[in-house]
Amino acid sequence: MKVDQHIHNNHLSIIVKPNSQKAEIIGWDEDKKALRVNVHAKPEDNKANIEIVKLFSKSLKKKVVIKTGLRSREKILKIE
């Protein structure tokens, strides 16, 4: 899936499903205007957030930080 087309003003909305089989971008949620993402890590001790940052940094080849939603499934990433 082409992630670049969903980045607006250097921000990307995502919906995370932790504790999945593997880390992958599933698809686009038209209702919520966000990418659906599975991560292998559990949502404890910030593990899922770290995996999200690594996944998108590697995929986009840019620095990525979580702007909002550190404790939520719905997050906004800032692409730097």
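The values are calculated or read from the model by the stated rules, or taken from the named source; none is laboratory data. Quick caveat, the model's predicted, so the values are computed rather than measured. Neighbour counts run over all protein chains shown; Cβ positions are idealised from the backbone, glycine included.
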State all residues of the range 8-23 that are surrounded by 15 or more Cβ atoms within 10 Å (Cβ to Cβ) and either among the acidic types (Asp, Glu) or over 9 Å from the mean Cα position of the chain (by Cα) (or both); if no residue qualifies, say none. 18, 20, 23
Hey, among the residues in the range 5-22 that are part of a loop (DSSP other than H, G, I, E, B) and in contact (Cβ under 8 Å) with a residue 24 or more places away in the chain, which one's nearest to residue 68 (Cα to Cα)? 10
Name the residues in the range 30-64 that are under 16 Å from residue 6 (Cα atoms) and part of a strand (DSSP E or B), would you? 34, 35, 36, 37, 64
Among the numbered criteria (1) at pLDDT below 95; (2) buried (at least 17 other Cβ atoms within 10 Å of the Cβ), which single criterion is violated by residue 44? (2)
Listed by first then second residue, the pairs whose first member lies in the range 51-78 and is free of Cβ contacts under 8 Å to residues at least 12 places away in the same chain, whose partner is among the basic types (Lys, Arg), with beta carbons under 6 Å and at least 6 positions apart or on separate chains, are 69/75
Kindly establish whether residue 25 is assigned to a strand (DSSP E or B), hydrophobic (A, V, I, L, M, F, W, C) and free of Cβ contacts under 8 Å to residues at least 60 places away in the same chain. yes
What about residue 75, is it assigned to a loop (DSSP other than H, G, I, E, B), among the charged types (D, E, K, R) and surrounded by 12 or more Cβ atoms within 10 Å (Cβ to Cβ)? no
